[in-house]
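Peer 1: Below you'll find the structure I mean.
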Amino acid sequence: MRALPVLCVLAAAACHEKSRSTDTWSSSLGTAKERATFLCAYALCASPVKDAAFHVVFHDNSGGLLAGPDDADIKAVVSVDKDELEKWTRGCAPVRVEARPAWLTEVAKGTAFLPTTAPDGYRCGPELRAIHVKDGLVVRHVRLE
């Protein structure tokens, strides 16, 4: 019977945690630091990010007592120092990727983040990465379902 109050407190706490669900475009954030911080909170970054253009759609299914897997569709292009690009390939397998996926133009609209070179492609778990070495850009697509 003593466990009942503890369970009630735990259940109430689980129901009141802030949801991480979002549908956010990088254009809604004012600075490069804000954009980099926001993106890396949803899709871990292998090195410091100078700036990013993205569309993050994330549905947090952790609310309630029985958490389910999160759903995410994160499309991004990040600008990093060229000497940091190797870090973005660690633990990844080489794959063929589109040099310019259809979604990239909309995500990078109004930025200087449209690659001009051919990429090296990688699969890193649920993420596809196109590394544009000469441009210092990483094009990322993370899908969780």
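Only the coordinates and a few stated rules stand behind these numbers; no lab work does. Being a predicted model, the structure only gives us computed values, none of them experimental. Cβ atoms come from the backbone with ideal geometry, glycine included; neighbour counts cover every protein chain shown.
Peer 1: Amide H neighbours of Asp71 under 5 Å, at least 5 residues apart or on other chains, H built in the peptide plane: list them.
Peer 2: The list, which skips near neighbours in sequence, is His59, Asn61.
Peer 1: Please give the FRET efficiency for Arg123 paired with Thr22, using the beta carbon to beta carbon distance and R0 = 25 Å, rounded to the nearest 0.05.
Peer 2: It comes out at approximately 0.50.
Peer 1: Need the full-extension length gain, Thr116 to Leu44, defined as separation in residues times 0.36 nm minus the C-alpha distance. One decimal, nm.
Peer 2: Between Thr116 and Leu44, full extension yields 23.4 nm more.
Peer 1: Separate question: Can you order the peptides 85-94, 118-127 by their average number of other Cβ atoms within 10 Å per residue, highest first?
Peer 2: Top to bottom by mean Cβ count within 10 Å: 118-127, 85-94.
Peer 1: Short version: ³J(HN,Hα) in whole Hz for each residue of region 96-108, in order, from phi by Karplus 6.51 cos²θ - 1.76 cosθ + 1.60 (θ = phi - 60°), x for Gly and Pro, what are they?
Peer 2: 7, 10, 5, 5, 9, x, 4, 6, 4, 4, 5, 5, 8
Peer 1: Then there is this: Between beta-carbons, use under 15 Å as the cut-off and find the net charge around Gly110, counting Lys and Arg +1, Asp and Glu -1.
Peer 2: 0
Peer 1: Around Val133, which amide H atoms from residues at least 5 apart in sequence, or from another chain, sit under 5 Å from its own amide H, with H modelled in the peptide plane?
Peer 2: Asp120
Peer 1: With 19 Å as the cut-off, how large is the P(r) tail for region 18-144, expressed as percent of Cα-Cα pairs?
Peer 2: Numbers: 3681 of 8001 pairs.
I get 46 percent for the Cα pairs in region 18-144 exceeding 19 Å.
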